[in-house]
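Heads up, the thing below is written out as structure tokens.
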Amino acid sequence: MTFRHYPFGKQSKKSPISKTAEREFEREIRKLEQLEENAKKIHNDMQTCIEAQTAQSKYENQMLLNLTASSLYRDDEKLRALVDHWVQSTKKLELLVEELNATSQKVIVEPMRKIATIFPSILQAVKKRDQSLQEYSKCQEKVNKYVKRERTAQNVVKLENSRQACSIARTDFESQNNLLMDEIARLYDGRIMYIQPSLEALVKAQVRGLLCAFVS
């Protein structure tokens, strides 16, 4: 399950936390959803680009192989010289494409694959936080129930026990919620610093490859 398919927005009417606090949490989660989708899209697009460049090189080599095996290549000296030059240029470009694809794999595909491994653990933390909130809600409902009952000795004891359990549940929820909010904020705020070096390396590799192609 991804963030997109997680059932947010189902807060109980008797939730012990405010709707504003829950909306703020959901807003942070939606940022992660967008980050997850963007990382997946960049990964897939770059993978498609690598495959397309590899396929183009393969088909061009096959076309040249067929051409050099034809009678046109054997019988026409000028055409043969032109094709030979094409073959040499293609070999150089093929090496450049292999280098660029290797760089693209290293600086884009692998980092995007790596960041994708973070989201499942965050999603598990979100589920754990929701379970903690549910427990907190149940404890608060018990407190509310015993507050309304007649103050007999037995009910007073039950009320006190319920308040203690509620205090523990509240502390646990607030601890998980605050920690999760901090982690989400750090991850989202660090997205530019994470991807920028990769993009810079890719651009430099492309520029270097184009310069080599033109010089050749």
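The values are calculated or read from the model by the stated rules, or taken from the named source; none is laboratory data. Keep in mind the model is a prediction, meaning the values are calculated, not measured. With ideal geometry, Cβ positions are generated from the backbone for all residues, glycine too; neighbour counts draw on all protein chains shown. Note: accessible area is taken over every heavy atom of the protein model, side chains too, but ligands, DNA and RNA are not part of it. Shrake-Rupley method; radii C 1.70, N 1.55, O 1.52, S 1.80 Å.
Taken along its principal axes, the alpha carbon cloud of the range 89-216 reaches lengths of 95, 20, 15 Å, longest axis first.
Listed values for the range 75-82 are Karplus-derived 3J(HN,Hα) couplings in whole Hz (6.51 cos²θ - 1.76 cosθ + 1.60, θ = phi - 60°), namely 8, 10, 5, 5, 5, 4, 5, 5, and x replaces Gly and Pro. Treating each Cα of the range 57-148 as an identical point scatterer and summing with the Debye formula, the log10 of I(q)/I(0) at q = 0.16 Å⁻¹ comes to -0.82.
The charge dipole of the range 31-94, taken about its Cα centre with unit charges on the Cβ atoms of Lys, Arg (+1), Asp and Glu (-1) only, comes to about 140 debye. The C-alpha atoms of the chain occupy a region whose extents along the principal axes are 111, 30, 21 Å, arranged from largest to smallest. Residue-wise HN-Hα couplings along the range 97-110, as the Karplus relation 6.51 cos²θ - 1.76 cosθ + 1.60 with θ = phi - 60° gives them from phi, are 5, 4, 5, 5, 5, 5, 5, 4, 5, 6, 9, 10, 4, 5 Hz; Gly and Pro carry x.
Nearest 500 deg cm²/dmol is fine: what mean residue ellipticity at 222 nm does the chain get from its DSSP H runs of n ≥ 4 alone, each adding -39,500 (n - 2.57), divided by its residue count?
Numbers: 7 runs with 183 residues, N = 216.
Taken over the chain, the calculation gives -30000 deg cm²/dmol.
Per-residue surface analysis assigns LEU65 an accessible area of about 100 Å², computed on protein heavy atoms at 1.4 Å probe radius.
For the cross-link pairs LYS41/LYS114; LYS41/LYS92; LYS14/LYS138, which exceed 21 Å when the distance is taken from alpha carbon to alpha carbon? Among LYS41/LYS114; LYS41/LYS92; LYS14/LYS138, the Cα-Cα distance tops 21 Å for LYS41/LYS92. Each residue of the range 174-183 was assigned a 3J(HN,Hα) from its phi angle through the Karplus expression (A = 6.51, B = -1.76, C = 1.60, θ = phi - 60°), giving 4, 5, 5, 5, 5, 5, 5, 4, 5, 5 Hz with x at Gly and Pro.
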